[in-house]
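Worksheet: one structure, shown below.
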Amino acid sequence: MVQSIGICMILAVTTLTGAYFCLREKYRLQDLRELERAMVMMESQIRFLSVPLSEVLENISYQTKGQVGMLMQETAKAMAERTGETAEQIWETVWMRHISHTYLSVDDYQSILRFGKTLGYLDQEQQKNSTELFLTELRQKCRQIERRLEKNGRLYYSMGFLGGLMLVIVLL
Amino acid sequence: MADLESLWKSLPPALGKIIQESCCSLERLEEIRLRLGQPILLKEKGGWIPCMAKNDKKRHVFSNCDMKACVSLLSAYSLYAFAEEIRQGFLTIEGGHRIGFCGKAVMEDGKIKTLHPISSLNIRIAREVKGCADHIFPYLFDNGRFCHTLILSPPGCGKTTLLRELIRNLSRAEGGYAVGVVDERGEIAGMCGGIAQMDLGECTDVISGCPKAEGMLLLLRSMSPQIIAVDELGRESDFLAASDLIHAGVKLLCTVHGSSLEELEKRAFLGRLLAHQVVERFVILSASQGVGTVEAILDSTGRAIYKKGGASWYKASGFA
């Protein structure tokens, strides 16, 4: 009886571990998609509306969900307060505070910070180009994750289950 | 008085601190000149003084890094949103202060597209001298009716300040005149986010950033003003629009560069307007006894109904 319960527990834990790896990628994809949506809005507002960045980010925050929306709102608020920090510093501080609440990777974080360095002092054409460059990078990342999930999504579950099974056999 | 808090908020804190420390009297600060690779200069009481931190004997040289931070903060992190302003060479920030830009002009189809890199900034402190128009205000009326008024003076004698005060007085007069203001360069109202940074009274509508001629006609069509105020008429189209207004039942309150009526009469378009004696009051300003000295107020025939007596309003307010 105890042995059966142990086997079940090992199988459950390893299968869930496999699921975690799969879901983590899915959630990362969701975060990246939300960020992509935000950047598309930002690009179009920079292109067509002559409104300050704090207003752009606030508008975006109302239309984006989750942590990305919250991040945009907080950045907008800090920029509107004008405490003397540069846009890059504000962007970095806010992201640093919230990055642990997202599923984004270190590599994603580096790209986000790189984009932050271009905020605040570029003219319309340059700001638009830098946003487009960041968007291309985000889209590339999304495509890579999608391909990986398509290829390995079920594999994560199976590997988890099979890994557990192997452990059970070894232990027995 | 000047709202300097909003200016300090728009400058990097370290730079703001140095300027405040170097300035003898913030109340008398008129201009701040920031040029790449040069010391920061402050204009006080008409003279220039270099910027020096309190505990430092060296002049603070304005660096590339300072310029980047300044441009970013002055444009509220949104230089891209002020493409048109940069093209025109100036930007009005919160508090009504005017930032002039200079740098390498990037051309497209023979027109200035933008300035890049920006090499110098000129921050002009906006000031309101409340009450400076009170003593001349009654002279601009005839039988209780406001007259078409033209304020003339050479540059830097306080035309815009006086115009702003007259607008406020009219807006707050008994019954309140509906005043429409065409603020092409953002100097009269200092509009920022749709809110006038200068106090122009409750009955004033402002159209900013719009060419004067178009602005005057637009106001006439859309806001049914009783008085239209406009700063620095100069182009032919401005005078044509002003002439249209005068014959449309709207009173005109405007300023032009010049030091005497004789000078104005020699100017092509303005001369034509004056020949018809439609302008009923001429307020002649000078800086003979300090900025804002009212030399005389003339009626449409050129007869003086007020002559200089006493100090300028700048002096009276402790500025000169």
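Out of the residues in region A:40-56 that are in contact (Cβ under 8 Å) with a residue 60 or more places away in the chain and surrounded by fewer than 21 Cβ atoms within 10 Å (Cβ to Cβ), which is farthest from the other protein chains (Cβ to nearest Cβ)?
For region A:40-56, the residue satisfying everything is A:40.
Give the residues of region B:95-133 that are of a type in the set (Asp, Glu) and surrounded by 19 or more Cβ atoms within 10 Å (Cβ to Cβ), sorted by residue number.
B:128
Of the residues B:81, B:76, the single one that is over 30 Å from residue B:27 (Cβ atoms), within 12 Å of chain A (Cβ to nearest Cβ) and buried (at least 22 other Cβ atoms within 10 Å of the Cβ) is B:81.
Filtered by the rule that a residue be modelled with pLDDT of 85 or more and charged (D, E, K, R), region B:88-112 gives B:98, B:104, B:108, B:109, B:111. All of B:284, B:227 fail the test of being of a type outside the set (Gly, Ala, Ser), surrounded by 19 or more Cβ atoms within 10 Å (Cβ to Cβ), touching a Lys or Arg at 6+ places or on another chain (Cβ under 7 Å) and at pLDDT 80 or above, apart from B:227. At least 2 residues being in contact (Cβ under 8 Å) with a residue 40 or more places away in the chain is the threshold, and among the strands (runs of 3 or more DSSP E) wholly inside region B:141-224 those reaching it are B:149-153, B:179-183.
State whether the residues of region A:98-120 include one that is closer than 24 Å to residue A:46 by Cβ, within 11 Å of chain B (Cβ to nearest Cβ) and either free of Cβ contacts under 8 Å to residues at least 12 places away in the same chain or surrounded by fewer than 19 Cβ atoms within 10 Å (Cβ to Cβ) (or both). Yes; the residues of region A:98-120 include at least one that is closer than 24 Å to residue A:46 by Cβ, within 11 Å of chain B (Cβ to nearest Cβ) and either free of Cβ contacts under 8 Å to residues at least 12 places away in the same chain or surrounded by fewer than 19 Cβ atoms within 10 Å (Cβ to Cβ) (or both).
Once region B:57-73 is narrowed to residues that are under 20 Å from residue A:91 (Cα atoms) and of a type in the set (D, E, K, R), the residue that is farthest from the other protein chains (Cβ to nearest Cβ) is B:66.
Under the condition of being within 14 Å of chain A (Cβ to nearest Cβ), modelled with pLDDT of 85 or more and closer than 15 Å to residue B:127 by Cα, the residues counted in region B:6-56 number 1. Taken together, the residues in region A:100-128 that are farther than 29 Å from residue B:14 by Cβ and among the aliphatic types (A, V, I, L, M) amount to 2.
Take residue B:109 and tell me if it is away from every other protein chain (no Cβ under 14 Å) and touching an Asp or Glu at 6+ places or on another chain (Cβ under 9 Å). In short, no. Residue B:121 meets all of the listed conditions (1) within 23 Å of residue B:6 (Cα to Cα); (2) more than 11 Å from chain A (Cβ to nearest Cβ); (3) among the hydrophobic types (A, V, I, L, M, F, W, C); (4) over 26 Å from the mean Cα position of the chain (by Cα) but one, namely (4). Only a single item in (1) surrounded by 15 or more Cβ atoms within 10 Å (Cβ to Cβ); (2) at pLDDT 85 or above is not met by residue A:157, and it is number (2).
In the set B:232, B:262, B:214, which member is acidic (Asp, Glu), out of contact with any helix residue (DSSP H, G or I) (no Cβ under 7 Å at 6 or more places or on another chain) and at pLDDT 90 or above? Matching residue, one of B:232, B:262, B:214: B:214. Within region B:11-32, being of a type outside the set (Ser, Thr, Tyr) and part of a loop (DSSP other than H, G, I, E, B) holds for B:11, B:12, B:23, B:24.
The values are calculated or read from the model by the stated rules, or taken from the named source; none is laboratory data. Small disclaimer: the values here were computed from a predicted structure and weren't measured. No Cβ is skipped: glycine too gets one built from the backbone with ideal geometry, and neighbour counts run over all protein chains shown.
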